[in-house]
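Visitor: Sharing a structure below in structure tokens format, with a few things to ask.
The values are calculated or read from the model by the stated rules, or taken from the named source; none is laboratory data. It should be emphasised that the depicted structure is a prediction, and the values quoted were computed from it without experimental measurement. When we count neighbours, we look across all protein chains shown, and the Cβ atoms used for this are built from the backbone with ideal geometry, even at glycine.
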Amino acid sequence: MISAYYLQVMILVGINIIMATSLNLVVGYTGQLSIGHAAFMSIGAYTAALVTLNLGLPFALSLLAGAFVAMLFGILIGMPTLKLKGDYLAIATLGFGEIVRIVFLNLKITGGAVGLRGIPKETTLLWVIVAAIFTLFILKRVLKSRVGRAFIAIREDETAAETMGINSTYYKVLSFGVGAFFAGLGGGLFAHYFRYIHPNSFGFMRSIEQLCMVVLGGLGNMTGAIIGALLVTSIPELLRASAEYRLVFYGAILIIMMRVRPQGIWGEKVVAGRGGWRDSKLFKRWTNNDRKLKGL
Amino acid sequence: MTLAENSEPILYAQKVSRYFGGLKALEKVDLFVKKQEIMGLIGPNGAGKTTLFNLFTGHYQPSEGEITFLQEKIGGLKPYAIIKKGIARTFQNIRLFGQMTALENVLIGRHCRLQTGLTGAILRRPRDKQEEKEAEEAAVEFLKFVGLDGKKREKARNLSYGEQRRLEISRALASNPALLLLDEPAAGMNPQETTALMKLISKIRDDMEKTILLIEHDMKVVMGISERIAVLDYGKKIAEGTPREIQSNEDVIRAYLGDTA
């Protein structure tokens, strides 16, 4: 059997894959910088936990309830904020994340500052794997369709996208809603694994962590987001031996990455400037063709 | 040419003005475009040509006046609604979706003629698959029309300048417009490319039966393919007529060359 410690790391990796890939839909594919993804995770976590505790519904239904409520909030929040661009949108989503955290901290039903305890432990590795595969399956289907094309077109050039018949507000809200749905799903799994949730479990730092996974792995690339989730979850664990220095190492890795390979480990979208090493002759000769560049 | 002479106007601009604060970018411009004609729009830089295009495609709303397209008022509509009515355009500075392939760019052009939404994307029902298949076949045809079918898997940003211009035209055509607005299609092209472009524009009108309104600084192009030309200067229409009439119009000569000429 796998030891409890490794099991926990694997479950966290799985949940973070769901979080990173769904955030990647919004940030990497639709080009809308959101730093409030953890807020949707917390809405999903609290909803799923409350449904389980108060209504005693089967686990799968609580997860779906959490995901749908998160999606609802994603759409509601998306409608006014997605009219903003770039930095302004980032600040608005950050503000939203803080509002959600403070509301949960003060509501009676969510246990306030004490948090919610005694959530039954339902999440197993199998559940996480199934949920992650489900997430990837749906995201891939959405991206390989008329809807996904519209998302990417908005990222590439919003004005041109509107001119070609894409209602950009509608598609941005849709992307935000789908992203929030899976964030809520991840939250539900999280709540039913740790059995205890607290508003500070889903603070600003968690949103940033999820953004790191996407940026580190490669914006606009699902394989990249998976690798990012894997690394950002496991590197701090590997560095646990050096105790207080591990956050320093972690920060240093991020800085080096941004300096050396701004488009992320697997990414093709060059974030800063043109011509990453994927554009180099050496790389093209090495891969012989650029088939990989065209995959999803 | 014969068809255009007797045909109905499909686009009407009546006393259209557009102000940016105190700046009068366009002032009481009257313009009509007849069905299946090629019309040129010229004027010195800053005359308001692109502003007029932006009014037609819904990027700006007219401050005054009315725009009628196919007997329907289109002032106040958003760009994504206007393309559905049948006006498509290209941009002065090419605006392709750089990271997407040529084929995907043209498929975006078809977006407004397709139905599949989120549910269809996830479920992939037979009709969604059918629609996607047909859209792709149509997109390949539009690429073929501009001679880019060999480049369909190529990313738009890796195409040459001339190819990018043609891809933008192909993307606009994919929306099946009645009226095609071309904003300086020949800008930055060499003489051979320009000649090929003129042939392409004529072909779009003759084979696809489209109406074309184009802004162009290259006089060889405008005079060569337009049946009628309107001239803007400082936001006002100063002349309108056949290429021959425009070439000898004194107001036009003054606008281009100054009073001393």
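Visitor: Could you tell me which of the residues B:Gly98, B:Gly46, B:Gly40, B:Gly76 is of a type in the set (Gly, Ala, Ser) and buried (at least 21 other Cβ atoms within 10 Å of the Cβ)?
Guide: Answer to the selection: B:Gly40.
Visitor: Next question. A:Phe104 is checked against (1) touching a residue at least 12 places away in the same chain (Cβ under 8 Å); (2) within 30 Å of B:Ile82 (Cβ to Cβ); (3) assigned to a helix (DSSP H, G or I) and fails just one. What number does that condition carry?
Guide: Tallying (1) touching a residue at least 12 places away in the same chain (Cβ under 8 Å); (2) within 30 Å of B:Ile82 (Cβ to Cβ); (3) assigned to a helix (DSSP H, G or I), A:Phe104 fails exactly one: (2).
Visitor: Would you check if A:Ile152 is within 28 Å of B:Ala139 (Cα to Cα), buried (at least 23 other Cβ atoms within 10 Å of the Cβ) and hydrophobic (A, V, I, L, M, F, W, C)?
Guide: It is false that A:Ile152 is within 28 Å of B:Ala139 (Cα to Cα), buried (at least 23 other Cβ atoms within 10 Å of the Cβ) and hydrophobic (A, V, I, L, M, F, W, C).
Visitor: With respect to B:Ala174, is the statement that it is among the small types (Gly, Ala, Ser) and in contact with a Phe, Trp or Tyr (Cβ under 8 Å, 6 or more places away or on another chain) true?
Guide: yes
Visitor: Among the residues of the range B:20-53, write down those that are in contact with a strand residue (DSSP E or B) (Cβ under 8 Å, 6 or more places away or on another chain) and polar (S, T, N, Q).
Guide: Selection gives B:Gln36, B:Thr50, B:Thr51.
Visitor: Something else now. When you check B:Glu137 against the structure, is it exposed (fewer than 13 other Cβ atoms within 10 Å of the Cβ) and over 18 Å from A:Leu143 (Cα atoms), yes or no?
Guide: Answer is yes for this residue.
Visitor: Further question: Kindly evaluate B:Arg127 against the criterion of being more than 10 Å from chain A (Cβ to nearest Cβ) and among the charged types (D, E, K, R).
Guide: The answer is yes for B:Arg127.
Visitor: Can you confirm whether the range B:170-178 contains a residue that is assigned to a helix (DSSP H, G or I) and out of contact with any strand residue (DSSP E or B) (no Cβ under 9 Å at 6 or more places or on another chain)?
Guide: Yes; the residues of the range B:170-178 include at least one that is assigned to a helix (DSSP H, G or I) and out of contact with any strand residue (DSSP E or B) (no Cβ under 9 Å at 6 or more places or on another chain).
Visitor: Can you name the number of the only condition in (1) within 30 Å of B:Ile94 (Cα to Cα); (2) among the hydroxyl-bearing types (Ser, Thr, Tyr); (3) touching a helix residue (DSSP H, G or I) at 6+ places or on another chain (Cβ under 7 Å) that A:Ser234 fails?
Guide: With (1) within 30 Å of B:Ile94 (Cα to Cα); (2) among the hydroxyl-bearing types (Ser, Thr, Tyr); (3) touching a helix residue (DSSP H, G or I) at 6+ places or on another chain (Cβ under 7 Å) applied to A:Ser234, the lone miss is (1).
Visitor: Looking at (1) over 22 Å from A:Gly111 (Cα atoms); (2) buried (at least 19 other Cβ atoms within 10 Å of the Cβ), find the lone condition where A:Ile75 falls short.
Guide: In the conditions (1) over 22 Å from A:Gly111 (Cα atoms); (2) buried (at least 19 other Cβ atoms within 10 Å of the Cβ), A:Ile75 misses (2) alone.
Visitor: Would you kindly identify the helices (runs of 4 or more DSSP H) lying entirely within the range A:113-222 that contain at least 2 residues that are within 14 Å of chain B (Cβ to nearest Cβ) and under 25 Å from B:Glu131 (Cα atoms)?
Guide: Per the criteria, A:125-143, A:146-156, A:158-163, A:168-194.
Visitor: Considering the range B:238-250 alone, what residues qualify as being more than 24 Å from the chain's Cα centre (by Cα) and surrounded by fewer than 13 Cβ atoms within 10 Å (Cβ to Cβ)?
Guide: If the condition is that a residue be more than 24 Å from the chain's Cα centre (by Cα) and surrounded by fewer than 13 Cβ atoms within 10 Å (Cβ to Cβ), then B:Ser248, B:Glu250 are the ones that fit.
Visitor: Still on this structure, please answer the following. Do we find that A:Val248 is part of a helix (DSSP H, G or I), in contact with a Cys (Cβ under 7 Å, 6 or more places away or on another chain) and of a type in the set (A, V, I, L, M) in this structure?
Guide: Criteria not met by A:Val248.
Visitor: I've got another one for you. Among the candidates B:Arg127, B:Arg113, which residue alone is more than 20 Å from A:Met164 (Cβ to Cβ) and of a type in the set (Lys, Arg)?
Guide: B:Arg127
Visitor: Quick one: would you say B:Leu180 is in contact (Cβ under 8 Å) with a residue 40 or more places away in the chain, away from chain A (no Cβ under 14 Å) and surrounded by 18 or more Cβ atoms within 10 Å (Cβ to Cβ)?
Guide: Here the answer is no, as B:Leu180 does not meet what is asked.
Visitor: Here is a further query. Considering only the range A:20-37, I want to know if a residue exists there that is modelled with pLDDT of 95 or more, farther than 22 Å from A:Gly218 by Cα and aliphatic (A, V, I, L, M).
Guide: Checked against the condition, which is being modelled with pLDDT of 95 or more, farther than 22 Å from A:Gly218 by Cα and aliphatic (A, V, I, L, M), the range A:20-37 yields no hits at all.
Visitor: Identify all residues within the range B:130-168 that are facing chain A (nearest Cβ under 10 Å) and without any contact (Cβ under 8 Å) to a residue 12 or more places away in the chain; write none if there are none.
Guide: Residue satisfying the conditions is B:Asn158 alone.
Visitor: For the range B:208-228, enumerate the residues that are buried (at least 18 other Cβ atoms within 10 Å of the Cβ) and assigned to a helix (DSSP H, G or I).
Guide: The answer is B:Val221, B:Val222, B:Ile225.
Visitor: Check off (1) assigned to a helix (DSSP H, G or I); (2) in contact (Cβ under 8 Å) with a residue 60 or more places away in the chain for A:Thr110 and give me the number that stays unchecked.
Guide: Single failed check for A:Thr110: (1).
Visitor: Go through the range B:1-119 and tell me which helices (runs of 4 or more DSSP H), entirely inside it, have 3 or more residues that are within 12 Å of chain A (Cβ to nearest Cβ) and under 30 Å from B:Glu154 (Cβ atoms).
Guide: Passing ranges, in order: B:79-85, B:102-110.
Visitor: Anything in the range B:164-210 that is of a type in the set (Val, Ile, Thr) and more than 14 Å from the chain's Cα centre (by Cα)? List them, or say none.
Guide: Passing the criteria: B:Thr194, B:Thr195.
Visitor: Could you tell me which residue of the range A:96-121 is nearest to A:Ile197 (Cα to Cα), considering only residues that are exposed (fewer than 13 other Cβ atoms within 10 Å of the Cβ) and not aliphatic (A, V, I, L, M)?
Guide: The residue in question is A:Arg117.
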